[in-house]
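Note sheet for the following structure.
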Amino acid sequence: MTTLTVDNLSLRYGEKTVLERVSLPEIPAGSLVGILGPNGAGKSTLLRALAGTGRYSGTVHIDGEPLQGMSFLRRVGLIGYLPQELPQPTTLVAYEAVISACRAVRPDLSTAAVEGATEETFDRLGIRHLAFHRLNALSGGQRQMVGLAQVVVRKPALLLLDEPTSALDLRWQIGVLNVIRNIISERDGLCLMALHDINFALRYCDYIALFGAGRRLAFGPPSDAMTPDVLRAAYRIEGRIETCSQGKPFVVTDSVAAADDYGMAGTQHF
Amino acid sequence: MSALAEPGASAAPQHRESLATGYRRFVFRRVLWLTVLTILLVASVLCNIANGPAGLDIGTVITGIFDPATLPIAERIIIWDVRLPYALMAAIVGACLGLAGAEMQTVLNNSLASPSTLGVMYAATLGASLAIVFDLAGPLGIPENYIVPVCAFVGAVASILLIQTLSRAYGATVDTVVLFGIAMVFALQALISLIQFVADSDSLQQIVFWTMGSLARATWEKLAIITAVFAICLPLSIRQVWKMTALRGGESYAISFGVSVERLRLIVLLRVSVLTAVAVAFTGVIGFIGLVGPHIARLAFGEDHRFYLPGSALAGAFILSGASIASKSIVPGILIPDGIVTALIGIPLFLGLLLAQKRRPQ
């Protein structure tokens, strides 16, 4: 049972404050949370901070335990973070990349345990046939799947994925999402996923958190959280929230918002 | 992406080989290559012992090594006091530089990095030049034949400590470390030129000869020192093979798994520098081994560091061993400095490897 609470979190990227005093209510276990926001809103910085590899002020609790006091091994066992960039195209084969991801930080695991987990991960993500291909011979999408395998192999309870589907085609996007859902339901875990595709997030996430202008603009189930107002505030566009034939919300964009309409000139975070 | 199967839908599990078994079969070829390279290295060392002004055949060499008492005294002295330390020195110095180069390329994430990237070799040259020009043997009370290696080593260690201190202070990212390294290289080159400028012609000749790199100064004692350092460094490298392998997947990934990359980088740089310093202190500047060795290893063994690191050390040892045979054979009776021969053999080999890699279908 994994829960996450975030209180008064402030994040800096270099000299600039990216997010100021952001809080998220307790997110229940088993949820898939879409992190949305325009470029430079602090999505990646937020995920890095939650992964424990970036600086922040404020408090983060995972399962009621403060992130800051957590031991290295506990953190590595609990949290899996997928960076935004793809794995490097080197001569490493996919199998070695995944095995080494496990072995580098878990010397306590037996060879059999590591090999078993790796085998399961390759099957689960449907990339078994790529196991002995060099990373520099794989496509961008295939490398992204290997990167995901490196994270998933340790079976973390809290998955922090930075645009995990950016290089994937539609079929694979949905496939990856299903795999992630299975993993978090197995471990009663939680997944926070930074996404660019708003409609993808609205369609598949249980909650969305929308950031912009240095703060949290909305949080909640997709149908409640997404409104034309927050769309304008976050992305500076005019859009409508429609309902599809299956009752799910989706965003239709109309035009760029006029400068005066959103009243936040100068806060664009490029 | 059309070549991919469907994610989540695991294929029928019956009668298929596990990935672990498949991988063992996959790496069998690498183990085979490691064995082949080891045999080649042993052969080249034997060849190196046999080669020289007084020609010996391989049979005599082998008898001389395993049963020296049966040989005439002259041959025994040639083998044990002259050829054997020289041949083994070539192998061990090559192994040190090959290992150092491989680790350097990994932690700096750059296949053009080598042990000389951060100026360790230039610092050693500066130390050696100071010893030669100011004739430090007397004042420091160090034996004549050790003063140059000792000063070269001290110079190299000083440069290592300076880079480590600066990198700790400013963050040991690839960019910072390389920046300091390049600055160091230029500064050291200028200082070496300055010393050469003030040196008398005799010292100048000695400095120039030192920078050409030569194994001719090999003795059992020096060999033992280099071997000891290599024997200490190799297990330490092996302890970190998984972290370095993980780093090849990308720095942000390694950090995300929990590898403290900057710490790893500083530790590896320290090890690389010590290996390089001790190797070149006794031989003078020998380039290219640390650049070519890792490239050969990468082609033959991939970048799983369990194979890549020993592979690069073996490749380095083999190349320098081969180069030292060539340095004796090109002009019979004259020992061309090994640094020159290595570079002349190394450059075409290096270019050939790079171009072959480029041509290989992705």
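The values are calculated or read from the model by the stated rules, or taken from the named source; none is laboratory data. Just so we're clear, the structure is a prediction, and the values are computed from it rather than from any experiment. Cβ sites come from the backbone with ideal geometry, for glycine too, and all protein chains shown count toward neighbours. Please note that ligands, DNA and RNA were not included when accessible areas were found on the heavy atoms of the full protein model with its side chains. Shrake-Rupley method; radii C 1.70, N 1.55, O 1.52, S 1.80 Å.
What number of residues within the range A:192-215 satisfy the criterion of being touching a Lys or Arg at 6+ places or on another chain (Cβ under 8 Å) and not small (Gly, Ala, Ser)? Working first, answer last.
Step one: filter the range A:192-215 for residues touching a Lys or Arg at 6+ places or on another chain (Cβ under 8 Å), giving A:194, A:202-203, A:209-211, A:215.
Imposing the further condition that a residue be not small (Gly, Ala, Ser) reduces the set to A:202-203, A:210-211, A:215.
Within the range A:192-215, residues that are touching a Lys or Arg at 6+ places or on another chain (Cβ under 8 Å) and not small (Gly, Ala, Ser) number 5.
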Residue in the range B:322-362 that is surrounded by the fewest Cβ atoms within 10 Å (Cβ to Cβ), counting only those that are within 23 Å of residue B:92 (Cα to Cα), of a type outside the set (A, V, I, L, M, F, W, C) and more than 20 Å from the chain's Cα centre (by Cα):
B:329
List, please: which pairs have Cβ atoms under 7 Å, are six or more places apart or on different chains, and start with a residue in the range A:141-154 that is within 7 Å of chain B (Cβ to nearest Cβ) and end with one that is among the charged types (D, E, K, R) and part of a loop (DSSP other than H, G, I, E, B)?
A:141/A:169
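Quick check on the range A:25-68: of everything there that is among the hydrophobic types (A, V, I, L, M, F, W, C) and touching a Phe, Trp or Tyr at 6+ places or on another chain (Cβ under 6 Å), which residue is surrounded by the fewest Cβ atoms within 10 Å (Cβ to Cβ)?
Initially, the range A:25-68 is screened for residues among the hydrophobic types (A, V, I, L, M, F, W, C), giving A:27, A:29, A:32-33, A:35-36, A:41, A:46-47, A:49-51, A:60, A:62, A:67.
Narrowing further to those that are touching a Phe, Trp or Tyr at 6+ places or on another chain (Cβ under 6 Å): A:33, A:41, A:49, A:51.
Values: A:33: 21, A:41: 25, A:49: 25, A:51: 23.
Checked the range A:25-68; the qualifying residue surrounded by the fewest Cβ atoms within 10 Å (Cβ to Cβ) is A:33.
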Residue check, residue A:212 within 10 Å of another protein chain (Cβ to nearest Cβ) and small (Gly, Ala, Ser)
no
Taking the range B:200-244 and keeping residues open to solvent by 50 Å² or more (accessible area, probe 1.4 Å) and within 14 Å of chain A (Cβ to nearest Cβ) leaves B:238, B:239, B:243
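Return the only residue of B:113, B:87, B:124 being within 16 Å of the chain's Cα centre (by Cα), closer than 20 Å to residue B:231 by Cβ and open to solvent by less than 60 Å² (accessible area, probe 1.4 Å). So that I can check it myself, show each step before the final result.
Working: B:113 fails: closer than 20 Å to residue B:231 by Cβ; B:124 fails: closer than 20 Å to residue B:231 by Cβ.
On inspection, the qualifying residue turns out to be B:87.
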Within the range A:1-16, residues surrounded by 13 or more Cβ atoms within 10 Å (Cβ to Cβ) and either more than 16 Å from residue A:218 (Cα to Cα) or without any contact (Cβ under 8 Å) to a residue 24 or more places away in the chain (or both) come out as A:2, A:3, A:4, A:10, A:11, A:12, A:13
Going by the conditions given, is residue B:270 away from every other protein chain (no Cβ under 12 Å), without any contact (Cβ under 8 Å) to a residue 12 or more places away in the chain and either of a type in the set (Phe, Trp, Tyr) or surrounded by fewer than 24 Cβ atoms within 10 Å (Cβ to Cβ) (or both)?
no
Among all residue pairs at least 6 apart or on different chains, which show Cβ distances below 9 Å where the first residue, located in the range A:235-247, is closer than 30 Å to residue A:214 by Cβ and modelled with pLDDT of 90 or more and the second is of a type in the set (Lys, Arg) and surrounded by fewer than 10 Cβ atoms within 10 Å (Cβ to Cβ)?
none
If you scan the range B:30-42, which residues turn out to be surrounded by 13 or more Cβ atoms within 10 Å (Cβ to Cβ) and either farther than 16 Å from residue B:95 by Cβ or polar (S, T, N, Q) (or both)?
B:30, B:33, B:38
Please enumerate the residues belonging to the range A:85-125 that are within 13 Å of residue B:19 (Cα to Cα), crowded, with 21+ Cβ neighbours inside 10 Å and among the small types (Gly, Ala, Ser).
A:94
Cβ pairs under 6 Å, 6+ apart, first in the range B:71-93 and assigned to a helix (DSSP H, G or I), second acidic (Asp, Glu) and surrounded by fewer than 21 Cβ atoms within 10 Å (Cβ to Cβ)
none
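Give, as residue ranges, the helices (runs of 4 or more DSSP H) completely inside the range A:148-225 that count at least 2 residues that are at pLDDT 90 or above and hydroxyl-bearing (Ser, Thr, Tyr).
Values: elements: A:170-186, A:198-204, A:222-225.
By residue number, no helices (runs of 4 or more DSSP H) qualify.
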Only one of these conditions is not met by residue B:313: (1) open to solvent by 20 Å² or more (accessible area, probe 1.4 Å); (2) under 21 Å from residue B:44 (Cα atoms); (3) among the aliphatic types (A, V, I, L, M). Which number is it?
(1)
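Taking the range A:107-147, which residues are in a helix (DSSP H, G or I) and of a type in the set (Lys, Arg)? Spell out the reasoning first.
Initial filter on the range A:107-147 (in a helix (DSSP H, G or I)): A:111-124, A:128-130, A:135-137, A:140-147.
Passing the criteria: A:124, A:128, A:143.
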